[in-house]
1. If you go through region 247-264, how many residues are crowded, with 17+ Cβ neighbours inside 10 Å and either in a loop (DSSP other than H, G, I, E, B) or charged (D, E, K, R) (or both)?
2. Answer with yes or no whether S77 is at pLDDT 90 or above, outside the structural domain of G154 (by TED's automatic domain parsing) and either farther than 30 Å from W147 by Cα or surrounded by fewer than 15 Cβ atoms within 10 Å (Cβ to Cβ) (or both).
3. Specify the residue that is nearest to the chain's Cα centre (by Cα); the eligible residues are those in region 112-124 that are surrounded by 14 or more Cβ atoms within 10 Å (Cβ to Cβ) and not hydrophobic (A, V, I, L, M, F, W, C).
4. Please go through region 110-150 and pick out each residue that is of a type in the set (S, T, Y) and assigned to a loop (DSSP other than H, G, I, E, B).
5. For region 61-69, check the following and say yes or no: at least one residue is over 21 Å from S351 (Cβ atoms) and either touching a residue at least 60 places away in the same chain (Cβ under 8 Å) or charged (D, E, K, R) (or both).
6. Is there a residue being modelled with pLDDT of 90 or more and not in a strand (DSSP E or B) anywhere in region 15-28?
7. Looking at V128, V71 in this structure, which one is closer than 30 Å to F280 by Cβ and within 29 Å of the chain's Cα centre (by Cα)?
8. Does T142 satisfy the condition of being under 24 Å from R331 (Cβ atoms), outside the structural domain of D319 (by TED's automatic domain parsing) and in contact with a strand residue (DSSP E or B) (Cβ under 9 Å, 6 or more places away or on another chain)?
Amino acid sequence: MNKSVIFLTVVLFAAALAWGQSITVTAPNGCESWTLGTSQGITWSSQGCTGNVRINLVNAGGGVFGTIAIVPVASGSYSWTVGQTNSGPAPSGDYRIGLYVPTQDVDDQSDVAFSIIGSPQPTPSVTVTAPNGGEAWLRGATKTIAWSHSQASGNVRIDLVNAGGGVFGTIATVPVASGSYSWTVGETNAGTAPYGDYRIGLHVADQNVEDLSDGVFKITMEFASATMQAQMMILPSFPDLKVSILPNPASPAVNEKTVVEFRVENIGKAASEATMMRIFMGSHLKGTWNVPGLQPGKHYSLDYKLTPDAPGWILWSGDVDHDSKIKDKQRENNFAQFKMVVRGPDLKITSVSSPDRRQILLQKCVLNVEVTNMGSAACGTFELDVDLDTCPGIAHGRDYRVQEGGLAPGQTAKFRFTHRYKCYGNKSIDIYVDKANQIKEEDESNNQAGFSFNISGGNIID
């Protein structure tokens with residue numbers, strides 16, 4: 001058999017393998033107008049394709065603006081926040097969607113350009129303006145609760161919130177556009193609030209918008225006659241147990257040893273009896289402890305130790321005398337909450353200096369990658385992986401670099417990779433930072449980048 005016959009046989013065999021393998025953009029496929037910041041569906045159909053598809057935003061005049069995502073090709077769709085790419089937000093203009101499946105080396109683009117227009121819709125907001133901290137309102141008096149709003153619609157629920165956290169009761173539900181509500185101070189759907197410190201909470205359920213008074217205001221005693229005041233002066237003194245939550249540090253980093261002090265202090269004028277204190281992490285009861293009787297001005301503390309293993313936040317709650325056995329002056333002091341933010345690192349691929357879109361066979365491809373810790377805590381040693389398309393009959397290529405000692409917040413590490421390709425065609429490079437997820441990050445969704453390009457040249461070189 002001569003060389004021409006062998007070559008023809010190979011070509012026909014390759015064509016048979018590729019037969020029926022295709023991917024097609026179905027939306028946006030031309031003339032659509034999508035607003036920046038809105039959520040839109042990129043969709044496609046495929047036949048005979050496996051593995052992942054890279055979704056690129058392509059300038060109308062040619063050239064990739066940036067990569068939108070890399071997802072399983074079988075999913076058939078991707079929900080895109082219009083304009084977002086790994087190269088930053090795209091400006092208004094005309095674009096196409098480009099799809100590339102490296103496993104089968106097939107691609108497609110929108111038939112006609114679509115338009116990205118306008119700017120993101122403004123975020124709705126509502127803000128308490130009165131009472132906003134420092135006011136003293138007589139219980140039973142008529143006072144105006146006021147707020148400002150932007151882009152908010154529907155009804156707003158007005159809540160009376162305990163100074164230590166937790167809603168005492170709902171005051172009213174009114175149209176958010178009204179901007180104010182005339183309140184008989186202290187009246188709620190849970191009954192009349194006792195004297196003490198509170199905040200006003202606003203919640204627009206239709207848009208999930210809320211706000212809270214910046215500081216506490218005080219509900220004070222109604223006007224009393226001289227006789228009533230004289231009678232009150234001879235009333236017996238009571239204990240007043242106040243719960244405080246004092247974490248150290250207040251905002252720990254991941255894996256940092258932390259001590260949360262739960263303190264019960266008698267700020268009343270009479271001794272208290274022995275009682276119980278409960279500690280909650282979120283909705284989980286972590287334990288119940290005995291609190292001895294306390295003289296006025298004395299306190300009892302309990303230290304809860306932990307080492308947070310993931311970034312996020314922890315809601316601590318503590319209460320004392322939950323079964324109300326002690327005749328306490330102000331029951332609202334018996335409960336406290338603290339939202340502790342756990343800081344973590346956030347490794348992000350912030351810069352990729354990719355090869356030219358077309359490379360020459362055997363030419364050295366140089367790839368420069370920058371990784372920045374965008375988080376609020378340092379990270380330890382991590383690995384940067386690069387997956388490379390190789391030639392037929394050669395295992396999928398992999399290269400990596402290790403950043404010893406990690407990165408401090410805001411610090412950037414630079415990496416350089418080189419590779420020579422021995423065959424031509426469309427190629428892709430996928431880049432991963434901390435691919436094995438050994439580092440607990442504030443955001444795990446920005447650890448990947450990738451792009452495709454073409455190698456031009458002659459025959460395959462052994």
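1. So the first thing to find is which residues in region 247-264 are crowded, with 17+ Cβ neighbours inside 10 Å, and the list is 247, 252-254, 258, 260, 262-264.
Now restrict to residues that are either in a loop (DSSP other than H, G, I, E, B) or charged (D, E, K, R) (or both): 252, 254, 263.
Matching residues across region 247-264 total 3.
2. On the way: at pLDDT 90 or above: yes; outside the structural domain of G154 (by TED's automatic domain parsing): yes; either farther than 30 Å from W147 by Cα or surrounded by fewer than 15 Cβ atoms within 10 Å (Cβ to Cβ) (or both): yes.
Answer is yes for this residue.
3. P124
4. The answer is S110, S119, T123.
5. Here is the first cut: in region 61-69, the ones over 21 Å from S351 (Cβ atoms) are 61-62.
Still in the running and either touching a residue at least 60 places away in the same chain (Cβ under 8 Å) or charged (D, E, K, R) (or both): none.
Checked against the condition, which is being over 21 Å from S351 (Cβ atoms) and either touching a residue at least 60 places away in the same chain (Cβ under 8 Å) or charged (D, E, K, R) (or both), region 61-69 yields no hits at all.
6. Of the residues in region 15-28, the ones modelled with pLDDT of 90 or more are 22-28.
In the following step, the residues that additionally are not in a strand (DSSP E or B) were identified as 28.
Yes, because at least one residue in region 15-28 is modelled with pLDDT of 90 or more and not in a strand (DSSP E or B).
7. Values: V71 fails: closer than 30 Å to F280 by Cβ.
Being closer than 30 Å to F280 by Cβ and within 29 Å of the chain's Cα centre (by Cα) holds for just one of V128, V71, which is V128.
8. On the way: under 24 Å from R331 (Cβ atoms): no; outside the structural domain of D319 (by TED's automatic domain parsing): yes; in contact with a strand residue (DSSP E or B) (Cβ under 9 Å, 6 or more places away or on another chain): yes.
Judged against the criteria, T142 is not a match.
The values are calculated or read from the model by the stated rules, or taken from the named source; none is laboratory data. Keep in mind it's a predicted model, so treat the numbers as computed, not measured. Here Cβ is always computed from backbone atoms with ideal geometry, including for glycine, and neighbour counts include all displayed protein chains.
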